[in-house]
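Student: Structure in structure tokens, see below.
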Amino acid sequence: MKPTHIEHIGIAVENLDEAIRYYTEIIGTECYAIEEVPDQKVRTAFFRIGETKIELLESTDPDGPVGKFIEKRGAGFHHIAFAVPDAGKALKNAETKGIQLIDKQSRRGAEGLEIGFLHPKSTFGVLTEFCSIP
Ligand code: CMX
């Protein structure tokens, strides 16, 4: 299944407000949404650059995925998300080809998209997400 574009790049930050200021004042892009995703234990901020978004991720719980990531590796690049026609089918396709899935089925994520993650251990060290419009 061919991706249409890079939907977003996820970046783990320690302080969302400081990071928003950097992306606004230095990179020159505008924050168009701030959203808390309780089940992922993050607060997110979104910026649009062409068809691709930057998603800043601030942890709301040290035991959440971003809290653990920052504790282990520090702030920085966290994941890449590919826009595909059907995230569920893209996950199935990856599974049949031996890729380890984090999400066996697609689920609802930030911005109401259908999403699912592949494990970085089977994707050359890069946490990878598929996204589709439900
Ligand atoms: N990129 C690359 N490698 C990563 C990683 C990341 N973002 N997060 C963890 N890892 C690595 C760890 O460093 C570890 O490597 P080593 O074994 O070499 O030390 C390995 O993956 C496994 O780590 P773990 O401690 O066993 O597992 P964790 O409990 O840290 O979970 C992961 C890792 C990827 C399974 C978990 O973070 C996850 O399920 N992520 C998907 C959901 C998510 O990231 N949500 C936040 C974003 C939500 C949103 O976009 O709205």
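Student: I'm trying to understand the selection: among the residues of the stretch 93-114, which are over 20 Å from residue 43 (Cα atoms), part of a loop (DSSP other than H, G, I, E, B) and not small (Gly, Ala, Ser)?
Tutor: Restricting attention to the stretch 93-114, the residues satisfying the condition of being over 20 Å from residue 43 (Cα atoms) are 93-106.
Subset that is part of a loop (DSSP other than H, G, I, E, B): 97-100, 102-106.
The answer is 97, 99, 100, 102, 103, 104, 105.
Student: May I ask you to say which residue of 77, 117 is in a strand (DSSP E or B) and touching a Phe, Trp or Tyr at 6+ places or on another chain (Cβ under 9 Å)? Walk me through how you get there before you give the answer.
Tutor: Working: 77 fails: touching a Phe, Trp or Tyr at 6+ places or on another chain (Cβ under 9 Å).
So the residue among 77, 117 that is in a strand (DSSP E or B) and touching a Phe, Trp or Tyr at 6+ places or on another chain (Cβ under 9 Å) is 117.
Student: Let me ask you something else. Looking only at residues that are open to solvent by 40 Å² or more (accessible area, probe 1.4 Å) and touching a helix residue (DSSP H, G or I) at 6+ places or on another chain (Cβ under 7 Å) in the stretch 77-105, which one is nearest to the ligand (Cβ to nearest atom)? So that I can check it myself, show each step before the final result.
Tutor: Initial filter on the stretch 77-105 (open to solvent by 40 Å² or more (accessible area, probe 1.4 Å)): 77, 82, 85-86, 89, 92-93, 95-100, 102, 104-105.
After this cut, where a residue has to be touching a helix residue (DSSP H, G or I) at 6+ places or on another chain (Cβ under 7 Å) as well, the list is 99-100, 105.
Working: 99: 13, 100: 9, 105: 14 Å.
If we take residues in the stretch 77-105 being open to solvent by 40 Å² or more (accessible area, probe 1.4 Å) and touching a helix residue (DSSP H, G or I) at 6+ places or on another chain (Cβ under 7 Å), then 100 is nearest to the ligand (Cβ to nearest atom).
Student: A further question on this structure: Can you give me the number of residues within the stretch 85-127 that are among the β-branched types (Val, Ile, Thr) and either closer than 18 Å to residue 4 by Cβ or modelled with pLDDT under 95 (or both)?
Tutor: Here is the first cut: in the stretch 85-127, the ones among the β-branched types (Val, Ile, Thr) are 96, 99, 102, 115, 123, 126.
Checking the rest, the ones that are also either closer than 18 Å to residue 4 by Cβ or modelled with pLDDT under 95 (or both) come to 115.
Of the residues in that region, 1 qualify.
Student: Looking only at the stretch 28-72, how many residues end up being free of Cβ contacts under 8 Å to residues at least 12 places away in the same chain and over 14 Å from the mean Cα position of the chain (by Cα)?
Tutor: Of the stretch 28-72, the ones free of Cβ contacts under 8 Å to residues at least 12 places away in the same chain are 28, 39, 50, 62, 68, 71-72.
Remaining after also requiring over 14 Å from the mean Cα position of the chain (by Cα): 28, 50, 62, 68, 71-72.
Counting residues in the stretch 28-72 that are free of Cβ contacts under 8 Å to residues at least 12 places away in the same chain and over 14 Å from the mean Cα position of the chain (by Cα) gives 6.
Student: Would you confirm, using the coordinates I've provided, whether residue 18 is away from the ligand (no atom under 11 Å from the Cβ) and either open to solvent by 20 Å² or more (accessible area, probe 1.4 Å) or without any contact (Cβ under 8 Å) to a residue 12 or more places away in the chain (or both)? Write out each step before concluding.
Tutor: Values: away from the ligand (no atom under 11 Å from the Cβ): yes; either open to solvent by 20 Å² or more (accessible area, probe 1.4 Å) or without any contact (Cβ under 8 Å) to a residue 12 or more places away in the chain (or both): yes.
When the stated conditions are applied, residue 18 passes them.
Student: Okay, next question. Out of the residues in the stretch 46-72 meeting the condition of being open to solvent by 50 Å² or more (accessible area, probe 1.4 Å) and closer than 27 Å to residue 28 by Cα, tell me which one is farthest from the ligand (Cβ to nearest atom).
Tutor: Step one: of the stretch 46-72, the residues open to solvent by 50 Å² or more (accessible area, probe 1.4 Å) are 48-51, 60, 62-63, 65, 68, 71-72.
Of the ones still in play, those that are also closer than 27 Å to residue 28 by Cα are 48-51, 60.
Values: 48: 16, 49: 17, 50: 19, 51: 17, 60: 11 Å.
For the stretch 46-72, the residue satisfying everything is 50.
Student: Additional query: I'd like to know if the stretch 11-28 contains one or more residues that are of a type in the set (D, E, K, R), over 18 Å from residue 113 (Cα atoms) and touching a Phe, Trp or Tyr at 6+ places or on another chain (Cβ under 8 Å).
Tutor: Restricting attention to the stretch 11-28, the residues satisfying the condition of being of a type in the set (D, E, K, R) are 14, 17-18, 21, 25.
Restricting the remaining residues to those that are over 18 Å from residue 113 (Cα atoms) gives 14, 17-18, 21, 25.
Checking the rest, the ones that are also touching a Phe, Trp or Tyr at 6+ places or on another chain (Cβ under 8 Å) come to none.
Looking for residues that are of a type in the set (D, E, K, R), over 18 Å from residue 113 (Cα atoms) and touching a Phe, Trp or Tyr at 6+ places or on another chain (Cβ under 8 Å), one finds none in the stretch 11-28, hence no.
The values are calculated or read from the model by the stated rules, or taken from the named source; none is laboratory data. Worth saying up front: this structure is predicted, and the values here are computed from it rather than measured. Every residue, glycine as well, gets a Cβ built from its backbone with ideal geometry; the counts of neighbours run over all protein chains shown. Accessible surface areas use protein heavy atoms only, side chains included; no ligands, DNA or RNA. Shrake-Rupley method; radii C 1.70, N 1.55, O 1.52, S 1.80 Å.
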